[in-house]
Amino acid sequence: MAGKTSAVEACLPRHVGIIMDGNGRWAKQRGLPRVEGHRRGAQVVRDVVRWSIDAGIEQLSLYAFSTENWERPGYEVRALMQLLKVMARSMVGEMVEGGVRLRLLGDVESLPDDAKGAIIRACEKTAHCDRFDLVLCLSYGGQQEILAGMRRVLAWALDQPDPALALDGLTVDGFRHFLWRAELKPVDLIIRTGGEKRISNFHLWDAAYAELCFLDVYWPDFSQDDLRRALDDFASRERRFGRISEQLQ
Ligand code: IPE
Ligand code: IPE
Ligand code: MG
């Protein structure tokens, strides 16, 4: 519908976060090893970036590996790290071509050297891209991010003439600058595939007022229609941020 702005376009989230869950169950359902589910899930990552750009979203953050996922069996963790390394290498060309900047959110230092190297290189090679941000949440935990922010804020306060006064004056928006997400837009919409209705330590700070959308589809089966449905759902919601409807105009 060229030339016509749909309700969805008028009310589009700028930053969407996705908890890409259900790879293991997708594989199990087919009698395949869990790792095959992760492989199929990785292919959807390529597509979802394209669909998001087409939809007009500016930032997409994908929960690829949580702090807690380190507790999984060693072979699965190794397979996931290997997959990340291969993905980072193979996607650089298309990201540069599409103007996609790769960013990282999480405890990068905890990643194995080869995966870390490949991902950091991909970030460097796409650093000039400014059409779209793909934020890979790796070894990410929302509680860990807030704890790291608290350590930073304390170091900053101790450097001020009156540390107690500095901390007293700190606002919620001010504290955000000390978080790993300081340079990102606030997350407007969190989508979780796989049917579970929990946040699993994703984007805790922004989850305060993000809209939540839980889908029953397993991540390897996630389609452009699912994204569209989530965006339609988002567009239909009234975000009041504590106010009442009449105040929003
Ligand atoms: C999400 O899929 C991918 C990662 C956590 C890395 P899962 O591996 O959690 O799949 P399920 O939830 O077991 O089906
Ligand atoms: C959340 O999925 C983490 C990622 C998708 C990377 P999990 O499968 O690890 O979450 P839980 O354990 O079901 O809460
Ligand atoms: Mg899971």
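Could you tell me whether the range 189-202 includes any residue that is among the hydroxyl-bearing types (Ser, Thr, Tyr) and over 18 Å from Phe65 (Cβ atoms)? Don't jump to the end; show me each part of the working.
Narrowing the range 189-202 to residues among the hydroxyl-bearing types (Ser, Thr, Tyr): 193, 200.
Next, only the ones that are over 18 Å from Phe65 (Cβ atoms) stay: none.
Scanning the range 189-202, I find no residue that is among the hydroxyl-bearing types (Ser, Thr, Tyr) and over 18 Å from Phe65 (Cβ atoms), so the answer is no.
Restricting the range 197-231 to residues that are free of Cβ contacts under 8 Å to residues at least 60 places away in the same chain and within 16 Å of ligand 1 (Cβ to nearest atom), the residue that is farthest from Gly142 (Cα to Cα) is Asp226. The residues of the range 128-148 that are more than 16 Å from ligand 2 (Cβ to nearest atom) and outside any loop (DSSP other than H, G, I, E, B), listed by number, are Phe132, Asp133, Ile146, Leu147, Ala148. Close Cβ contacts (under 6 Å, 6 or more residues apart or on different chains) running from residues in the range 94-106 that are assigned to a strand (DSSP E or B) to residues that are modelled with pLDDT of 95 or more and β-branched (Val, Ile, Thr) comprise Arg101/Thr126; Leu102/Thr126; Arg103/Val135; Leu105/Val135.
Results for (1) at pLDDT below 95; (2) in a helix (DSSP H, G or I), shown as yes or no for each residue.
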residue	(1), (2)
Ala2	yes, no
Arg25	no, yes
Glu36	no, yes
Arg40	no, yes
Ser61	no, no
Phe65	no, no
Trp70	no, yes
Arg78	no, yes
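Within the range 62-76, being among the polar types (S, T, N, Q) and within 9 Å of ligand 2 (Cβ to nearest atom) holds for Ser66, Asn69. Cβ-Cβ contacts under 9 Å between residues 6 or more apart (or on different chains), taken from a first residue in the range 179-196 that is of a type outside the set (Phe, Trp, Tyr) to a second residue that is more than 11 Å from ligand 2 (Cβ to nearest atom) and modelled with pLDDT under 95, are absent. Just one of (1) without any contact (Cβ under 8 Å) to a residue 12 or more places away in the chain; (2) exposed (fewer than 13 other Cβ atoms within 10 Å of the Cβ) fails for Asp130. It is (1).
The values are calculated or read from the model by the stated rules, or taken from the named source; none is laboratory data. Since the model is a prediction, treat every value here as computed from it, not as a measurement. With ideal geometry, Cβ positions are generated from the backbone for all residues, glycine too; neighbour counts draw on all protein chains shown.
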